[in-house]
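For reference, the structure discussed in these notes is given below.
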Amino acid sequence: MASFSLHDPVERFLDRIASAEPAPAGGSVAAVAVAMAAGLVAMAARLAHEWPKAGEVVERAEALRSRMATLALADEDAYAKVTEAMRLPPDSPSRAAELQVALSGAADVPLSVAEAGVEVAVLAALVAQEGNERLRGDALVAAELAEAGARGAAELVAINLAGREDPRVGRAKDLAAATQRDR
């Protein structure tokens, strides 16, 4: 069960990240980064009053922001299962299998975060290009933040599935590559 809430003050979340506890960690942070990027996209699109696509961009950005908030908590829960499996005695006959199942499950959340991060980055680039010129900087920050969250989450997928032939690793690599846009 998640030990933090998205209703907690930012300082508490930062303290939890910096603590000696294994979670929240990279997956939750990547999800929160993508959620913040989606929030910036929504804000910049809302203030692009003359832009015909603004409403649909706001709607999609808000949906992604909400999903990332949920995944930030889900990542901590998924990693708790990895921690439980790692605490099994090394000579336990089920340890290796339970650890593999837990790691496989722990790859799903960051894969979803990476997918959303790429989508948020695309929306941010669109807002930067077509939205309110005064908010271009906010949209560019959103793009950078979303791309960083997507790349980090994609790396977590590869780490959690290391040594396995799993199509999610290829998908994660493709998503990380998709964040390499022209600057």
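Just so it is clear, none of the values below were taken in a lab; they were calculated from the coordinates. Owing to the predicted nature of the structure, the values given are computational and were not obtained by experimental measurement. Heads up, the Cβs are rebuilt from the backbone with ideal geometry, glycines too, and the neighbour counts pull from every protein chain shown.
Some points to look at:
- Pairs of Cα atoms farther than 18 Å apart, region 68-149, %: 56 percent
- Column: log10 I(q)/I(0), Debye, Cα scatterers of region 24-183, q = 0.09, 0.11, 0.19 Å⁻¹: -0.33, -0.46, -1.02
- Theoretical ellipticity at 222 nm over the chain - DSSP helices of four or more residues, -39500 (n - 2.57) apiece, nearest 500: -26000 deg cm²/dmol
- Exposed loop sites here mean GluC sites (Glu not before Pro) with a DSSP loop assignment and at most 14 other beta-carbon atoms within 10 Å; the chain contains its longest site-free run at 51-164.
- Computed over the chain with a Gaussian network model linking Cα atoms closer than 10 Å, the most mobile of Ala54, Ala116, Ala106 is Ala54.
- Dimensionless Rg over Rh [region 45-113; C-alpha; Kirkwood]: 1.33
- Top of Ala125, Ala23, Ala162 by mean-square fluctuation, Gaussian network on the chain, Cα under 10 Å: Ala162
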